[in-house]
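Engineer: Have a look at this one.
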Amino acid sequence: MNAVIEARNLTKRYGDASAVDGISFSVAGGEIFGLLGPNGAGKTTTILMMLGLTDVTDGEVRVLGLDPAREPLKVKGHVGYLPDSVSFYDNMTAAENLAYTARLMGLDRAEREARIKEELERVQLADVANKPVGTFSRGMRQRLGLAEILMKKAEVAILDEPTSGLDPQATEELLGMIRDLKSHNVTVLLSSHLLDRVQKVCDRVALFQAGKIALIGTVSELARQVLGSGFAVEVEAEGAGLAEKLRVIPGVSSVEATGVNRFRMLADRDVRPEAANVVVGAGGKLRQLSVDEPSLDAIYNRFFQKQNGAGEVRDAA
Amino acid sequence: MRREGSPFSGLGAVTTKELADHLSSARMRVLEWLIVLTAVAALIGTIQQVRDTVSEDPFVFLKLFTEARQPLPSFVSILAFLIPLMAIGLGFDAVNGEHNRRTLSRVLSQPIYRDALLMGKFLAGLITLAISLVVLWLLVIGLGLLLLGVPPSTEEVLRSFAFLVVALAYAGLWLAAAILFSIVFRSPATAALTTLGLWLFLTVLWPALSPGIAYAISPPHPLYQLLNQPDPDTLVWEQGLARLSPSTLFGEVLRAVLNPATRAIGPIFLEQLEGALIGSPLPLAQSLLIAWPQLVSLIAGTIVLFVVGYVVFQRQEVRA
């Protein structure tokens, strides 16, 4: 797969301070890629450099094979951007706001009206199309921002903190729409400091810390890397000597008894089928079998604890 | 490094949107009424005065603009005061307003350059000012026709039209200044206060300060003091310093354009007046020639302020 976004040794310095310090990553077409990390780690600066909205100090970035510093109009013509806590002109209606950006995109009148109508329906804002945006909730504004990206028919969508400040239901809706983007073959790059929320939608993630990418890969890869074993499988079963039998399953690093007939196994993959086989093979009764997927929060906290020694616990949320 | 694509793409969209915002804003309403009411008040008084005293003047219509009747100042001096106020009112939150509403990054992520945004805002402000000034100009001509009962001559119309152009250049200068400060300061209140402060300083304080500074830079020769005459060197300094203020420039252009009898702006020697028919009117072209440097300075000042704003804006960080 060819890379849609590619950064090599990308650096941004303000005076002596590095906001982004020599990061490299690439995002393949149709992928949902997450830039995760605490506030001030350099996520937004990275995004702005990809859009040509701030100068690159060193290194380079290519979006759809174009240099955003040299050809910003072409890049911005194909890339949709949802800024951190997106805002619109409050005195204008949703449709008017979209009409203004559509004119900036250079769409002609007929195209404009058709697309605005279509996209407002898609993000479920059609019934408030003629209400001023000032009356909108945060979730509605985020959806309107998504409508703007859809209207552009963007090949790449860059979403900065799309879920921050949203209630759980609005977050779910928004994440659903982001998945929907992926199904339309749009490459999505999103940034967030709320790890567990975006974990569900991201194909791959890059963990940012102080301007550098600390970790990059799929969530389970990271889990293997950091936690050693990423999957915790809970088994509730009756039978003799189950703990020893479970321990010998390949990939299982430890088994501990958490109660009567309850075991917690740590493994580097989902070992539920093997565990079930073992229990049944030993003539035991399998009551319950569940798996905790590795949580980004855990990975993140563990990783930075390792980095910083035991003392400092970072607030990731 | 060369960037690609036109800096003007999106200019039309920005200009139309900003223009619509200006024309429908409450702020604009207030400014319009302020100008119309003061202007009408000044005009009514002036028309009375013109009727009483200068019925023989061939340029009766121009007197409408320049004549003052106590306690109100003349129409043009009111405008000289109100035009900057209006321009500043339109421009002081041009860029920082977008910053504070957090709309800037979203707008700039559309396929346009910052050039288009800034230029569009300036053009929309200028068009708004032009509309207001044209309306005001028509109002003066109309009131003059009604209340004086004399139609203006071609030259009077041309001269008053020249006044319109100059007023627009003057407005453009203050608009550019206001936009510059709206880029430099993140808070609209600071930007507005700074621009207003600069305007008051240049309009009220500077004309009072410049003679003193000129005196300090180039003290008059004792001979001139003995004769109780001004030293030409000091005068040149004084005038040069005073002309740093746009309102001085504006006043000088108006004096040449609206008063055909004006032969020179500033001090002249007696021998330069040899053969001149003092008090007889100059042709329009000659009057314009007198005012040309001032008019060019106003336009140049506008461009300089706009360019400074442009450079600062290009280097500014987009993130809120």
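Engineer: Given a Förster radius of 56 Å and the C-beta distance between residue A:290 and residue A:130 as r, what FRET efficiency does 1/(1 + (r/R0)^6) yield to the nearest 0.05?
Structural biologist: Efficiency at R0 = 56 Å is approximately 0.70.
Engineer: Here is a follow-up. For chain A, take the longest principal axis of its alpha carbons; what is the angle in degrees between that and the long axis of helix A:296-308, to the nearest 10 within 0 to 90?
Structural biologist: Helix A:296-308 sits at roughly 80 degrees to that axis.
Engineer: What is the average number of partner chain Cβ atoms found within 10 Å of a Cβ in B:2-8?
Structural biologist: Neighbouring Cβ atoms belonging to other protein chains average 4 per residue here.
Engineer: A follow-up question, please. At most 12 other Cβ atoms within 10 Å and a DSSP loop assignment: could you name the chymotrypsin sites (Phe, Trp or Tyr not before Pro) in region A:1-64 that fit?
Structural biologist: Sites meeting the loop and neighbour criteria: none at all.
Engineer: Restricting attention to region A:217-304, which GluC sites (Glu not before Pro) occupy a DSSP loop and are surrounded by at most 16 other Cβ atoms within 10 Å?
Structural biologist: Hits after loop and neighbour filter: nothing returned.
Engineer: Moving to a separate point now. Checking understanding here: applying a Kyte-Doolittle mean of at least 0.0 and a length along the axis of at least 27 Å (C-alpha), which whole DSSP H helices in chain B pass?
Structural biologist: In chain B, the long hydrophobic H runs are B:26-53, B:114-148, B:154-184, B:284-315.
Engineer: Please arrange B:131, B:183 by counting, for each residue, the other beta carbons lying within 10 Å of its beta carbon, fewest first.
Structural biologist: Fewest-to-most Cβ neighbours within 10 Å comes out as B:131, B:183.
Engineer: Where does helix A:272-281 land angle-wise versus the long Cα axis of chain A, in degrees 0 to 90, nearest 10?
Structural biologist: Helix A:272-281 sits at roughly 20 degrees to that axis.
Engineer: Okay, next question. Report, to the nearest 10°, how far helix A:168-183 tilts away from the longest principal axis of the Cα atoms in chain A, using its own Cα long axis and a range of 0 to 90°.
Structural biologist: Rounded to the nearest ten degrees, it is 80.
Engineer: Percentage of Cα-Cα pair distances in chain B greater than 23 Å, rounded to whole percent?
Structural biologist: Everything past 23 Å amounts to 63 percent.
Engineer: Right, here's the next one. Check residue A:291: other-chain or 5+ apart residues with amide H under 5 Å from its amide H, H built from backbone geometry?
Structural biologist: Excluding prolines and chain starts, which carry no amide H, the hits are A:234.
Engineer: Please build a GNM for chain B, connecting alpha carbons under 10 Å apart, and tell me which residue among B:46, B:66, B:103 fluctuates the most.
Structural biologist: Among B:46, B:66, B:103, the largest GNM mean-square fluctuation belongs to B:103.
Engineer: I would also like to ask the following. Taking amide H atoms as placed 1.01 Å from N in the peptide plane, list the residues 5 or more away in sequence, or in a different chain, whose amide H sits under 5 Å from that of residue A:208.
Structural biologist: A:36, A:37, A:214
Engineer: Another question about this same structure. Taking GluC sites (Glu not before Pro) as candidate sites, keep only those in a DSSP loop with at most 16 other Cβ atoms within 10 Å, then name the longest stretch of chain B containing none of them.
Structural biologist: By the stated rule (loop sites, at most 16 other Cβ atoms within 10 Å), B:57-273.
Engineer: Ok, one more. Rounded to the nearest 0.05, what FRET efficiency do residue A:264 and residue A:183 give with R0 = 41 Å and r taken as the Cβ-Cβ distance? Could you check?
Structural biologist: Computed FRET efficiency for residue A:264 and residue A:183: 0.70.
Engineer: Pick from A:56, A:291, A:226: which is most flexible by mean-square fluctuation in a GNM of chain A where alpha carbon atoms under 10 Å apart are linked?
Structural biologist: Of A:56, A:291, A:226, the Gaussian network model singles out A:291 as fluctuating most.
Engineer: Also, I was wondering about something else. Hey, fewest Cβ within 10 Å first, where do A:303, B:181 land in order?
Structural biologist: Ranking A:303, B:181 by Cβ neighbours within 10 Å, fewest first, gives A:303, B:181.
Engineer: Separation between the residue A:121 and residue B:8 pseudo-spin-labels, each 7 Å from Cα along Cα→Cβ, expressed in nm?
Structural biologist: It is 3.8 nm.
Engineer: If you find the alpha carbon centre of region A:49-77 and of region A:264-281, how far apart are they in angstrom?
Structural biologist: The distance from the Cα centre of region A:49-77 to that of region A:264-281 comes to 48 Å.
Engineer: Taking a threshold of 29 Å on the Cα-Cα distance, which of the pairs A:12/A:117; A:76/B:121; A:43/A:153; A:76/A:117; A:43/A:200 fall above it?
Structural biologist: Violating the 29 Å Cα-Cα cut-off are A:12/A:117.
Engineer: Okay, moving on. Considering only B:243, B:102, B:114, give the residue with the highest GNM mean-square fluctuation for chain B, with springs between Cα atoms whenever their separation is below 10 Å.
Structural biologist: In this elastic network of chain B, the residue with the biggest mean-square fluctuation among B:243, B:102, B:114 is B:102.
Engineer: Continuing with this model, one more query. Across the residues of A:100-110, average count of Cβ atoms on other protein chains within 10 Å?
Structural biologist: 5
Engineer: If you don't mind, another one. Excluding residue A:42 itself, what net charge comes from residues whose Cβ is under 10 Å from its Cβ, given Lys and Arg +1 and Asp and Glu -1?
Structural biologist: Residues close to residue A:42 contribute a combined charge of +2.
Each reported figure results from applying straightforward, stated rules to the coordinates on display, with no laboratory input. Since the model is a prediction, treat every value here as computed from it, not as a measurement. Using ideal geometry, Cβ is built from the backbone for each residue, glycine included, and neighbour counts are taken over all protein chains shown.
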